[in-house]
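Beneath this line is the structure, given in structure tokens, with notes to follow.
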Amino acid sequence: RAALLWSKAVVSTQSTGEITVVRGEVRHRAVVVLPFQSSRLVLVYTVNLSPGLEGEYLDIDIISELKDTGDLSLRFKTEIKSGDSIFTDLNGHTMQHHKFKEKLHTQGNFFPMPSTAFIQDNTVRFTLLGSEPHGVASLEEGNIEVILDRRTSVDDLRGMGEAVRDDIPTPARIRVLLERRLVPLPQTSSYLVQFPSLVSHWAAHDLLNPPFVLQDKGAQISPEGTLQSNQLMKRLPCDEELVNLRHMTASSGHTTSQLIRRKLAYSCDVSTSAEWCQASSPQSIEELFFTPVTVERRPFSPFHNEEDAEHSELGPMEFASHYVRFNKRKLIKT
């Protein structure tokens, strides 16, 4: 169901703040309002009762309004034996392994998290996905600290050139994913090479790229509630990501667009209950489109040419660029 069906709301007020619990047939939600003197923090926890991808994670919507000088952080405490390690992503493409160093000050053990961070042991992986970049750290074993907001009364000499005194409520969304490891971690003191799972990849993609549905005012809706649309291409394999399909040129009879794809690097050592994913297999680029197309392998720069390539031969963490020429259009009813 697309609509949210609420059942009963239970409101309780405690000395630490106000908690509202709402239970429904589609999802459960808990709203926590925490006052900090003149500041305010609102946490909205959402659990989706779905057998698909949405049922794999917990969403935390955060609205922070910091009016006191200092940093506002959110700490996740777990029983995971992660030691001194934490993993963060590098621009959403690869993961970096960091270790806590006692010789450094506290801020020296915080690392940028563009979109993903996780800790793990031999049995469990605890992943955080952010809708915007945050600073994260693991100051103690099994913990993850996430910086939400900060306010300074003077310039901190880090590039702003002025004090940070914004009084605007700061929204953020953090997605929590708990997965079971199938293979124990290697017993080594060196830095490890780890990757997110496929579910983590697509949960982050769904968080960072929400769909925008635009409807024409003159569109006709059938009694069954369906719309007539012009469907362009099929779904990519679950370990490939559509980076861009950019219009390049147009002439009489055909249109040329640039197709950029990325092969995801993922870990097979982490299990999931989702069954929506199918393994990737080499396929022709022409088979991805509903209309007859002509495919030409091109580099990312439009000023160079490469030899034609019909099939997808992407390796993990690799990108591919093709020029796709649409010869004619075909209407697909969906």
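The values are calculated or read from the model by the stated rules, or taken from the named source; none is laboratory data. Just so we're clear, the structure is a prediction, and the values are computed from it rather than from any experiment. Here Cβ is always computed from backbone atoms with ideal geometry, including for glycine, and neighbour counts include all displayed protein chains. SASA here: full protein model, heavy atoms, side chains in, ligands and nucleic acids out. Shrake-Rupley method; radii C 1.70, N 1.55, O 1.52, S 1.80 Å.
Miscellaneous remarks
- Accessible area per residue for the stretch 91-185 is 52 Å², calculated with a 1.4 Å probe on protein heavy atoms, without ligands, DNA or RNA.
- Among the GluC sites (Glu not before Pro) in the stretch 44-139, those placed in a DSSP loop whose Cβ has at most 12 other Cβ atoms within 10 Å are GLU79, GLU102.
- Distant alpha-carbon pairs in the stretch 41-175 (separation over 26 angstrom), percent: 28
- For THR256, solvent-accessible area (1.4 Å; no DNA, RNA or ligand), Å²: 20
- Ellipsoid semi-axes for the stretch 48-87, based on the Cα gyration tensor and the rule √(5λ), read 27, 21, 7 Å when sorted largest first.
- Largest first, the residues VAL26, VAL47, VAL199 sort by 1.4 Å accessible area into VAL47, VAL26, VAL199.
- Loop-resident sites, the stretch 42-148, for trypsin sites (Lys or Arg not before Pro), counting at most 11 other Cβ within 10 Å (DSSP): LYS101, LYS103
- Loop-located GluC sites (Glu not before Pro) in the stretch 140-214, at most 16 other Cβ atoms within 10 Å (DSSP): GLU140, GLU141, GLU162
- Across all Cα atoms of the stretch 121-162, the radius of gyration (one decimal) and Dmax (whole number) stand at 15.0, 46 Å.
- Lys/Arg +1, Asp/Glu -1 at C-beta; the stretch 115-167 dipole; positive extreme among PRO133, THR116, THR152: THR116
- For the set THR69, THR170, THR188, THR127, the ranking by accessible area, highest first and with no ligand, DNA or RNA atoms included, is THR69, THR188, THR170, THR127 under a 1.4 Å probe.
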